[in-house]
Amino acid sequence: MPFKPINTNKRFLGSAKAQEEAEKKKKEAQEGLISLEEERVYREGTVAIRDLIAPSAFRVESNFIQLGETFLRTIFAITYPRYIAVGWSAPILNFNATMDTSMFFYPINSAIILKQLKKKVGVLEAQISADAEKGAARDPLRETALRDIEQLRDDLTQGTEHFFQFAFYVTLYAKSVDELNKMTEDIENVFGARLIYSKHVLFQAEQGFNSTMPLCVDELNIAFNMNSSPIAASFPFMSAELTSDNGILYGINQHNNSLILFDRFSLQNANMVVFATSGAGKSYAVKLEVLRSLMMGTDIIIIDPEMEYQHLCEAVGGTYVNISLASESKVNPFDLPRPVGQQISTEDVIRSAIITSKGLIRIMFGSLSALEDSVMDQALRETYAKKDITPSSNLATVEPPIMQDLLDVLEGMEGAQTMVLKLKKYTEGTFSGLFNSPTNVNMNNQLVVFSVRDLEDELRPMAIYSLVNYVWNIVRSERKKRLLIIDEAWWLMTHEDSAKFIYALVKRCRKYYLGVTTITQDVNDFLQSQYGHSIVTNSALQLLLRQLPAAVDIIQKTFMLTEGEKYLLLESAVGEGIFFAGLKRAAIKVVASYTEDQLITSDPAQLMQIEKAKQEFEAQMGGKGSEKDMEIG
């Protein structure tokens, strides 16, 4: 066999090339590992979204979860009653607490349900027949169940109903375990009030939390069989309807764009409070209500501290009364109600007038000692008696006293020297033009506005107090559908006597067909007064517009607002807020027509444009008149 030489040079070259490729791959692998390590190091220094929203710690206990410093617990519904009302979940969804809610709907094939219902019908009919054969009394529960099943079979067969499994979960958030336990009890009581049996998780706390996360994952899987009608009743898409057949338009319901039509006299009282910061539209909303109430035949009386209602008053032909030291319009604080067609005890009227007058004196003097209070009480009784006003007098014919009469009585009494000196300022001194004259105001108009803008700040609480007392006397003299609007009512809350008087007025006005509207932008001063808080609770209507951050917390506490409603008041635009009517509430947007807007606007720029257009129109009309006169000449 011939010998073939081997090419060792070729074999050597092949092994060298393979080694070179192996070294290259090894180098690339090392570079890849280095690159991965560098990327890992880089990622450790970056912040992802999940890092921002993730809690600092996560601890799972048997019946709750702790996320950082927050404690969570999930509650689930087990059984439901035979009948369930539409919107049954509203009290739970509106519960004043931070929580997550989830609902899961699992459709079931109707054929499977019909087969099961058929078996159930057979069992119930057999039981009912057996009871009848034995002569036993009929069982209403079985008969009712049989009727319900037959009705459901018909509806499923006809396609008017469908069948589902329904799961309802609520996860509560609290700052402590004790608070979480209390909230759990409250929510379970809300469920129980609707005959819905609920439980909270046990050894499934994490699964409950995951089931209420926005992940569409049901890890609890605790469902209840329901047909489509009660399923529809469980949907949370609801809002309070504040629409009635009677009343005026207050605004647009921002939940569903329906109209908020309401008659405030249809509630337990016709009182209203309006809270808003400056420029939020509170005067605009009230003036709009005034304009629309006038069209419904309601008499309106307004106490205007900033001359905001003059333009509206002139436009509708109302009476505008300017109360100031130099004004010819006077209101006597010692006036008495004139009873018309009703039996009122004259003695009670006089006693009430003395108490009210003494409240005004306290505001004027700052305070009264026990001795001064006793002397002033006697002096007021003698002052009315000096004008022959006694329990046997006819109040329709008597002439009430003025401040000078009280001063004359005090000058003849012992222990009244200091009060005489203080009172002379209001009879002979700088302030003599305010309270020392008989009333000469004409109230025979559907709209009467009292302006106190030209009064000094020191005199405003006294003047408003006297005006409200005068209006109260008018109201008690004749029952008539009226509204009394007190703008910047916080002036009255600065003195206990005036605050107490307004509170008594708000409580009693319903009997005289009067509704009182109190408006303020100084929420803290108003609500921190015990009488201010009582005025709110005795007002069936409340309108909250945009609030300052400094006042929103006390507003939230007083009106029991949710966090969402709180932020709505902080971020709302002009004329937007929350409207309360009895137990109902809705987000409102106050809207007006173009003509209404021209009459009620408080915007200085808009008012200047209106005044300029008015002057141009008058000048144009005057020019045409002159040309016509020339042609005639």
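We did not get these values from a lab; they are worked out from the coordinates using the rules stated. Computed from a predicted structure; not experimentally measured. Ideal geometry is used to build each Cβ from the backbone, glycine not excepted, and the neighbour counts take in all protein chains shown.
Projected label points at Leu583 and Glu306, each 7 Å from Cα along the beta carbon direction, are separated by 3.7 nanometres.
Remark: relative contact order (the range 194-274) = 16 percent; criterion is Cα-Cα distance under 8 angstrom and separation of 6 or more residues.
Taking R0 as 51 Å, what FRET efficiency do you get between Arg59 and Glu23 from their Cβ-Cβ distance, rounded to the nearest 0.05? Intermediate values should be presented prior to the final figure.
Details: r = 52 Å, r/R0 = 1.03.
That pair, Arg59 with Glu23, gives E of 0.45.
Residues whose amide H falls under 5 Å from that of Glu161, counting only those 5 or more places apart or on a different chain, are Leu156, with hydrogens built in the peptide plane. For Ile300, nonlocal amide neighbours, meaning residues 5 or more places apart or on other chains whose placed amide H falls under 5 Å from its own, are Leu447, Val448, Leu483. Distances between placed amide hydrogens fall under 5 Å for Ser258 paired with Asn253, all partners being 5 or more residues away or on another chain.
Centroid-to-centroid, using Cα positions, the range 139-163 and the range 49-79 are 41 Å apart. What is the sum of charges, Lys and Arg at +1 and Asp and Glu at -1, for the other residues whose Cβ falls under 13 Å from the Cβ of Ser129? Around Ser129, the surrounding residues sum to -2. Averaged over residues, the count of other Cβ atoms within 10 Å places the peptides 369-377, 431-439 in the sequence 431-439, 369-377, highest first.
About the Cα centre of the chain, how large is the charge dipole given +1 on each Lys and Arg Cβ and -1 on each Asp and Glu Cβ? Please answer in debye to the nearest 20. Spell out each step's value before the answer.
Details: 64 positive and 80 negative charges, 469 e Å.
Roughly 2260 debye, rounded to the nearest 20.
Report the full-extension gain for the segment Val591 to Thr397: residue separation times 0.36 nm, less the Cα-Cα distance, to one decimal in nm. Don't skip to the end; give the middle numbers.
Details: separation 194, 0.36 × 194 = 69.84 nm, distance 4.76 nm.
Residue separation times 0.36 nm, minus the Cα-Cα distance, leaves 65.1 nm.
When the pairs Lys330/Lys425; Lys182/Lys557; Lys425/Lys500; Lys282/Lys589; Lys480/Lys511 are compared against a 20 Å limit on Cα-Cα distance, Lys425/Lys500 fall above it. Compute the acute angle (0 to 90°) between the alpha-carbon long axis of helix 177-193 and the principal axis of greatest extent of the alpha-carbon atoms of the chain; round to the nearest 10°. It works out to around 80 degrees.
As a calculated quantity, the FRET efficiency between Asp388 and Asp603 at R0 = 51 Å, using C-beta atoms, amounts to about 0.45. The ranking of Thr517, Thr74, Thr346, Thr595 from fewest to most other beta carbons within 10 Å of each one's beta carbon is Thr595, Thr346, Thr517, Thr74.
Thr46 to Leu195: FRET efficiency via 1/(1 + (r/R0)^6), r the Cβ-Cβ distance, R0 51 Å, to the nearest 0.05? Intermediate results must be reported in sequence, preceding the final value.
Details: r = 53 Å, r/R0 = 1.04.
Once the sixth-power term is evaluated, E becomes 0.45.
With the charge dipole of the chain set up from +1 on Lys and Arg Cβ and -1 on Asp and Glu Cβ about the Cα centre, the Cα lying farthest toward the positive end among the listed residues Ala174, Ile485, Leu407 is that of Ala174. Once C-alpha pairs closer than 8 Å and six or more residues apart are averaged by separation and normalised to the residue number of the range 58-233, the relative contact order reads 43 percent.
Measure off 7 Å from each Cα along the Cα-to-Cβ vector at Ser229 and Gln620, then give the distance between these two points in nanometres to one decimal. In this crude spin-label approximation the distance works out to 6.5 nm.
Please state the shape class of the range 450-552: rounded when a/c is under 1.5, otherwise prolate if a/b exceeds b/c and oblate if not, all from the C-alpha gyration tensor.
Numbers: a/c = 1.78, a/b = 1.25, b/c = 1.43.
Oblate.
By other beta-carbon atoms within 10 Å, ranking His533, His200 with the fewest at the front produces His533, His200. Couplings 3J(HN,Hα) for the range 281-294, derived from phi with the Karplus relation 6.51 cos²θ - 1.76 cosθ + 1.60 (θ = phi - 60°), are x, 5, 5, 4, 5, 5, 5, 5, 5, 4, 4, 6, 5, 4 Hz, where x marks Gly and Pro.
In order along the range 26-39, phi translates into HN-Hα couplings of 5, 5, 5, 5, 5, 5, x, 5, 5, 5, 5, 5, 5, 5 Hz, rounded to whole numbers, per the Karplus curve 6.51 cos²θ - 1.76 cosθ + 1.60 with θ = phi - 60° and x for Gly and Pro. The protection proxy used here, the mean number of other Cβ atoms lying within 10 Å of each residue, ranks peptides 255-261, 110-116, 542-548 as follows, highest first: 542-548, 255-261, 110-116.
Stretching the chain fully between Leu249 and Thr101 yields a gain of 49.8 nm (0.36 nm per residue, less the alpha carbon separation).
Applying a DSSP loop filter and a limit of 10 other Cβ atoms within 10 Å to the GluC sites (Glu not before Pro) in the range 67-152 leaves Glu69. Potential lengthening of the chain between Phe365 and Asn256 amounts to 33.9 nm, from the contour at 0.36 nm per residue minus the alpha-carbon distance. The aspartates and glutamates within cross-link reach of Lys614, meaning a Cα-to-Cα straight distance under 19 Å and a gap of 8 or more places when in the same chain, are Glu308, Glu314, Glu596, Asp597, Asp603. Would you mind getting the Kirkwood hydrodynamic radius of the range 58-233 from its Cα pairs, rounded to one decimal in Å? It works out to 18.4 Å.
Counting only other residues whose beta carbon sits under 15 Å from that of Met364, what net charge do I get with K and R as +1, D and E as -1?
Neighbourhood net charge equals -2.
Taking every alpha-carbon pair under 8 Å whose residues sit at least 6 apart, the chain reaches a relative contact order of 16 percent.
With K and R counted +1 and D and E -1, the other residues having a Cβ less than 13 Å from that of Val591 yield a net charge of -2.
What's the exposure ranking of Glu611, Glu411, going from fewest to most Cβ atoms within 10 Å?
On the way: Glu611 11, Glu411 14.
Exposure proxy ranking, most exposed first: Glu611, Glu411.
Computed from Cα atoms, the angle from the helix 110-134 axis to the main principal axis of the chain rounds to 70 degrees.
List the lysines whose Cα lies under 18 Å from the Cα of Lys386, skipping any in the same chain that are fewer than 8 positions away. Candidates past the 8-residue exclusion: Lys358.
Magnitude of the charge dipole for the range 58-233, about its Cα centre and with charges confined to Cβ atoms of Lys, Arg (+1) and Asp, Glu (-1), is about 380 debye.
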